[in-house]
Each structure stands twice: as structure tokens, then as C-alpha cells.
Amino acid sequence: MSSEKKYEDLHFVDTQQPVWNYSLFTDEDVRNFQNGTHYRLYQLFGNKQITVLGREGTYFAVWAPNATFISVTGYFNKWDKTAHPLKVRLDSSGIWEGFIPNILKGEAYKYHIHGYNNARIDKADPFAHFSEKRPFTASITWATEYNWQDAKWMQERKKHNALNAPYSVYEMHLASWMRPNKNDEESYNTYGEIAALLVPYLKEMGFTHVEFMPVMEHPFDGSWGYQGTGFFAPTSRFGNPQDFAYLVDCLHQAGIGVILDWVPSHFPYDAHGLYLFDGTHTYEYADMRKGFHPDWNSYIFNYKRGEVKSFLISSARFWYDQFHIDGLRVDAVSSMLRLDYSREEGQWEPNEFGGNGNIEAIAFIKDLNETLYRDFPDTQTIAEEASDWPGISKPTFEGGLGFGMKWMMGWMHDTLDYFKIDPLLRKGSQNKFTFSMAYFSDENFMLPLSHDEVVHGKSPMIYKMPGDEWQKFANLRLLYTYMFTHPGAKLLFMGDEFGQSSEWNYKTELQWDLLKHVSHGGMKYCVQKLNELYRSQPALYEKQFGNDGFEWIDLNHRDECVMVYKRKGELPEKDVVVVLNMTPVVRMNWEIYVYVKSEWQEIFNSNDKAYWGTGDVFNPAIQAELVDEDTKCYKLTLHLPPLAGVVLG
């Protein structure tokens, strides 16, 4: 919708002031843009506050190849659709541009477009860095300059973002994590207020990274940001671009990496957005067998079009370049790769080789990852991809797609299915629990317990667990112990760390008042100590993506539902052993056999009283009995608490 502010006291430009014929584009820029190889378009398109021939003003540039007329309209000219027409370049690029004197920072505007088939359209600027707060939809003239104070992080972040470093991610939705008025959907903390609250919380909890669900501008709160219209703009719900930069800066100064969800798979049909941008299919495929997404009622980018590819990779690069982010989690990769994704027979057309792969989307993804790792080698890209497509996190030179990591969706589903089973009946389902180890080295996996698992009737994590209240909490502590000691990076959605008792609702805030209960407070402290364990034990992260970082010790007690494995790092004397007792049965004097290392101590017990466990079954001193001198095999005798994990180091 258009803004409805009053015109009194607003700045107006003389409507007789002509648009100056001015360009920031070189011929090489245009060629690269059209060829899909220009990845810094944010330096050229959109609005740029510059000085031309001694006059301050704003340069505008927009791509609309099917337009016959475009003007810039806004408060400054009382939304006059004819006062400030742009000029089209004469090189058939479809780029419209011009410099308007006296338009400075902070002006709301749209492009008025005469498009295909006599369409008359008012569109927001696809390259704008700032927008009006919804429900208003105009773009705002603004730049992204910021005085960064995170030089130390930027110099050292390679070691924090490396695949052999601890990588524990707190996934969150900025609006609903915490609100000034917890039940008011219109109540938002600013980026600065979020920084003041979030940084100490993440430091306390020990997460190494935070992942924001999409911060890119989006019109509908209920999309959670996944239906975006501003691919170069942090949402104005919480402040301006400098405010967002301040949030990232504060996190970096505290030693916390920042990952953003990014959605290059589809976009909504909002009138001011990318859909039918100049009256016809400009950014989306024209063939709706490829261009329409039936699951999300949205439109799919035309990855074959060079200008669209340049747009998308420029968007990804923008967040690394201008906002110092440490990684992108790329949403819905499966839907990009497969032409038959969510389509029945007859609703899709095979590619030129007769297969179901979207060849141009695959090429786009490879170029995306090659570009980002070339320009920002100390960062990561992470794929949300749920199928068995091979080589998601393999380098492109080895035939892969080039992501740094992939979400391990199979592990998530199998693990949750297993933990939902009555503990006394789990003995028949051990294969579901152990199956992930058959394929974990195929990719660089991140273990997600994400927002998708606590919405739409799936129930919160605590109520996925069986049993009475104590057993529910014990089971969840056990699950988290398994997660933090399983190979791979970790991701936990906000609220899961303290056992939120309701499904996530984007309209309210988390149930922080639950922390007054010892059960929920104990759960939070357990996650805090698991993060500490993960960061402090090199065996849990040094080889977290390799075959040689994991070893089963005991899978021969399936009826008792006790499983034992070793996590291994660079130094054998630093290895850790994990013992999981999946039933509520206490098991005293339990014997396990280990090699080489003879001295062990209990370094974590999920049944600790501090976590709201019973605290009465633990191992203050572990005796190691040598049983084979040649192989240096030792027998350890342990006491296993009920529904608990014990970690030895």
C-alpha cells in the first residue's frame, strides 16, 4: 500500500527540476550484469546520495527491460507520476537511471512504471537498503556506511568459522525472542535494544554463533521473513541499516558469529515487490511449471537469466560485504534443485537431458558458493536441503555444490521419532537411533533442532518427550546430550534451551517466566554446560566432519538401550567417551571397554541435580582395569543414571 502521511512540513523538490542524464555504469558493468557475472550490483543500482557538478542529490537506477516509461515518485514531489522521469540506456540493457538534485537521505519513493501490455505499476526499489515500516511499502533513500569496531573479530574469525572449530548456533526470530510488551504483536525492541539483551544472554549460554531468521525486508509478519521483498535491506521493524550493523558489531565484539537466513528460492506476489516487475515476468520464470511454487503460493527466480543471477549473488555478497556477516543459511535448497519439487506428473517438464534437476539453478548455486568462498574465505554457507542429493557440501571442483555445511534433516527426524517412543519400548528401535552414523561423513552436517519442529501442531520440544514431567525433562536433557556429543555442528531454536512449554508463536515473546521454575531453569543450565563441554573438549569438534572422529564402543546392549561411543580428536589422550542410558532404569556397575587411555573421569552427567536431575547416580572415581596388555584394553565400571547421558574425559 502507499504511504498516507500528511504533506505538511515535508521536504519538496521543485517539480520543474529536470532529471539529469547521469550514469554510474560502465559498458563492462552492463555486460557482466547481463551475463550473470556482476556481483556488486548494490554499488550501482538503487539510490545513491552523491554530488554531481557541485549539486547534492540522489542517483537512481533500476532494471525494467519491458518498461516504456519510469519515473521516481515520492513525498518530495507529492507522488507526481510525471515530474521526475528516468532515462533508459541506449544499450538495450533495460536499465533506467538518472540524477535528481536536492533529493537527499531519508526520502520515501517508488518507481512508477509503464510496463508490458499497458500496465501501470508502482514498485518499491529492489536494491533499496531501507524501507518504510510495514504496512507502508515505499523505499527510502539511504546508504549503509557504518563505523565498524569489530576489527579483532574480522582478523580472527577464520578460526571461529572453521570446520574444525566448535560451531554451536542459536537460531532466533528477532521480533518474538523478547518484546517490550510480550503479548503485543506491534511491540518491538530496536536493533540496539536487542543487542543489549541478546549479547549477554548468548555469552552466558555459550553459543558460538547466532542465526537470525530472515532480517531482509518483508511485508507479512506471518511469513517469518521467508517471503521477502527487500533483498538488500534489513527490515525497518527494528531500525535503520546502521542500527542493524550495530547489532552485528556488538555480537562480533563479544566473540559471537552471525549467520543470516537467506531465501533465493522464491518471492511473494505483493504488488510493490518483484512479481511482474515491469508488467511481465522479469525476475521469475514465465513458464509457471518452473516459475510458481505451489507450497508457498510464491514465485521462483529465473536462474537462467543473467540479470537475475547477478541480482541474487549480489544480494548474498552484500550481506557479507556491507554487514560483516559470517555465514548464510540458504533456505529451501531442495526446491531449487528439483524441477519436480512438490509437483505431480504432468506439472513439470524434464530438463534437456530428461532429468528432474534444474540445471540453471544448480549452476547458480555453484557460482554463488564459489564467489562467496573466493571473496570471504573465512565464512560459511549452509544449505537447508532435505533430500539425498549428493555432494551438497563438497567443493565444486570435486563435483559438489560447494556449501560449507548441510542441515542433517534425517538425523533430526529419526532422533525425534526415537525420543517420542516410551523408553521401555525403545529397544526395538535402536536402528533409528544409530542410522545417522551410517552416512554422517557423506556431508559436513549441522544437526538442527529448528523452528520448523515447534510449530503447526508439532508441539514444543518438551512435549515431544514421553513420560511424566520428570521423565520429559530427563529425556530432553538426554537428547541434548546426544546432540552435543554427536559429530557435526549444532543448531538449537530459541526457547528450546529452557524447555518452552508452548509452540513458538511469532506474535508473542518466548515464555521467559518459565525460568522461575527449577525444572526449566535446570534445563537452561544444562544447555549452558553442554555448550561449555563442546567448546572445551577438542575431541568433540576437531574431527566433527570426518570418519576418524567417531567410533562405536558398544552397540551390543540393545535390549537395555545403552549405547556407548567415543569422540576422537587430534590427540588420543583427549578423546571422550559418551554413555547414553535410554531407559529410566538405573544401571549400577556397568562395564565398558576402552583402549589406550587408562585414566578417565566423569566430565558431564545430564542427571546432575543442578539440571533438575536426581543427582544420586554419578561416578566420582572411575577404576580402569587392564584386561589386555598387548592391545592396552581397559575395563571401566560405571554407574548409569536413569534417562541420562554420561561423558567421560
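Throughout, read-outs are computed from the coordinates displayed, never taken from laboratory work. Remember, it's a predicted structure, so these values are computed and weren't measured experimentally. Positions of Cβ are generated from backbone atoms using ideal geometry, with glycine treated the same way; all protein chains shown enter the neighbour counts.
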TODO: Nearest 5 is fine: what % of DSSP beta bridges in the chain come out antiparallel, could you say?
DONE: 70 percent
Open item on the list: Can you give me the distance in nm between label points at A621 and L424, each placed 7 Å from the Cα along the Cα-to-Cβ direction?
Closed with: 3.7 nm
TODO: Place the peptides 375-388, 473-486, 449-462, 96-109 in order of packing, highest mean first, counting for every residue the other Cβ atoms within 10 Å and averaging per peptide.
DONE: 473-486, 96-109, 375-388, 449-462
Task: Theoretical gain in end-to-end length, T434 to Q17 [0.36 nm per residue, Cα-Cα removed] - done: 143.0 nm
Open item on the list: Give me the dipole magnitude in Debye, nearest 20, for the range 551-648 about the Cα centre, with unit charges on the beta carbon: positive for Lys and Arg, negative for Asp and Glu.
Closed with: 300 debye
Task: Average projection area in nm² (convex hull over Cα atoms of the range 203-308, one quarter of hull surface) - done: 8.4 nm²
- [ ] Return the sequence-ordered ³J(HN,Hα) values of the range 58-69 in whole Hz as given by the Karplus equation 6.51 cos²θ - 1.76 cosθ + 1.60 applied to θ = phi - 60°, using x for Gly and Pro.
- [x] 10, 8, 10, 8, 8, 9, 8, x, 9, 7, 10, 7
Task: Zero-based 10 Å bins, Cα pair distances in the chain, whole percents - done: 3, 15, 24, 23, 17, 10, 5, 2, 1, 0
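Using just the helices of the chain, give the 222 nm mean residue ellipticity in deg cm²/dmol: DSSP H runs with n ≥ 4 each add -39,500 (n - 2.57), and the total is spread over all residues, rounded to 500.
The per-residue figure over the chain is -7000 deg cm²/dmol.
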TODO: Quick one: dipole size for the chain, taken about the Cα centre, charges +1 on Lys/Arg Cβ and -1 on Asp/Glu Cβ, in debye to the nearest 20.
DONE: 520 debye
Open item on the list: Can you list residues from other chains, or at least 5 along the same chain, whose modelled amide H is less than 5 Å from the amide H of E385?
Closed with: W407
Task: Dipole of the chain, positive end: most advanced residue of V585, W612, L328 [Cβ charges, Cα centre] - done: L328
- [ ] Evaluate E = 1/(1 + (r/R0)^6) for F397 and R31, where r is the Cβ-Cβ distance and R0 equals 30 Å; express this FRET efficiency to the nearest 0.05.
- [x] 0.70
- [ ] Between D628 and H517, take the C-beta separation as r, use R0 = 35 Å, and let me know the FRET efficiency to the nearest 0.05.
- [x] 0.10
Open item on the list: Please report the spacing between the Cα centers of the range 220-238 and the range 271-310 in Å, no decimals.
Closed with: 18 Å
TODO: Arrange the peptides 21-34, 566-579 so that the one whose residues have, on average, the most other Cβ atoms within 10 Å appears first.
DONE: 566-579, 21-34
Open item on the list: So if I restrict to the alpha-carbon atoms in the range 547-648, what is the Rg, and what is Dmax, the biggest pairwise distance, in Å?
Closed with: 13.4, 43
- [ ] Quickly rank 225-233, 463-471 as a protection proxy: mean count of other C-beta atoms within 10 Å, highest first.
- [x] 225-233, 463-471
Task: Which of H266, T58, A489, positive extreme of dipole for the chain (C-beta unit charges) - done: T58
- [ ] Give, as a single signed number, the net charge of other residues whose beta carbon lies under 12 Å from the beta carbon of F45, with Lys and Arg counted +1 and Asp and Glu -1.
- [x] -2
Task: Listed pairs K152/K203; K152/K574; K472/K609 exceeding 21 Å between Cα atoms - done: K152/K574
Open item on the list: Just to be sure I understand the model, the point goes 7 Å from the Cα along the line to the Cβ. What's the resulting N118 to R89 distance in nm?
Closed with: 3.1 nm
- [ ] Calculate the dipole size of the range 167-540 relative to its Cα centre from +1 charges on Lys and Arg beta carbons and -1 charges on Asp and Glu beta carbons; express the result in debye to the nearest 20.
- [x] 1020 debye
TODO: Give the shape of the range 261-404 as rounded, prolate or oblate, defined through the alpha-carbon gyration tensor: a ≥ b ≥ c are the square roots of its eigenvalues, a/c under 1.5 means rounded, and otherwise the shape is prolate if a/b is larger than b/c and oblate if not.
DONE: oblate
- [ ] Select from L515, P538, Q528 the residue farthest towards the positive end of the dipole of the range 505-561; place +1 on Cβ of Lys and Arg, -1 on Cβ of Asp and Glu, and compute about the Cα centre.
- [x] L515
